[in-house]
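First the structure, in the form of structure tokens, and then the observations on it.
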Amino acid sequence: MGNRQATGDYYQTTLDRPTDDTFEDDLTEAWNNPPVTERYVLDLAYSRASKPSDDDEP
């Protein structure tokens with residue numbers, strides 16, 4: 001199972017708990033300290049200048 005699914009399951013389980021006076025604190029703690037983390041990488045490469053669009057012309 002990927003981290004995205006594990007994280008989603010964790011948060012859904014947290015949200016499904018019955019509400020009581022401590023629910024808000026428990027929810028904040030759960031969101032701030034997940035058992036798994038997701039990592040995203042944005043890899044950009046410059047290939048050429050963009051072509052002007054029709055909107056760019058006067």
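For the reader, a short list of remarks on this structure follows.
- GLU38 being at pLDDT below 75 and surrounded by fewer than 10 Cβ atoms within 10 Å (Cβ to Cβ): no
- So ASP43, is it among the acidic types (Asp, Glu) and at pLDDT 80 or above: yes
- Yes/no for ASP55 being in a helix (DSSP H, G or I) and at pLDDT below 80: yes
- Identity of the residue in region 21-35, touching a helix residue (DSSP H, G or I) at 6+ places or on another chain (Cβ under 9 Å) and part of a loop (DSSP other than H, G, I, E, B), that ends up surrounded by the fewest Cβ atoms within 10 Å (Cβ to Cβ): PRO35
The values are calculated or read from the model by the stated rules, or taken from the named source; none is laboratory data. For clarity, every value in this text was computed on a predicted model and none was experimentally measured. Backbone-built Cβ (ideal geometry, glycine too); neighbour counts: all protein chains shown.
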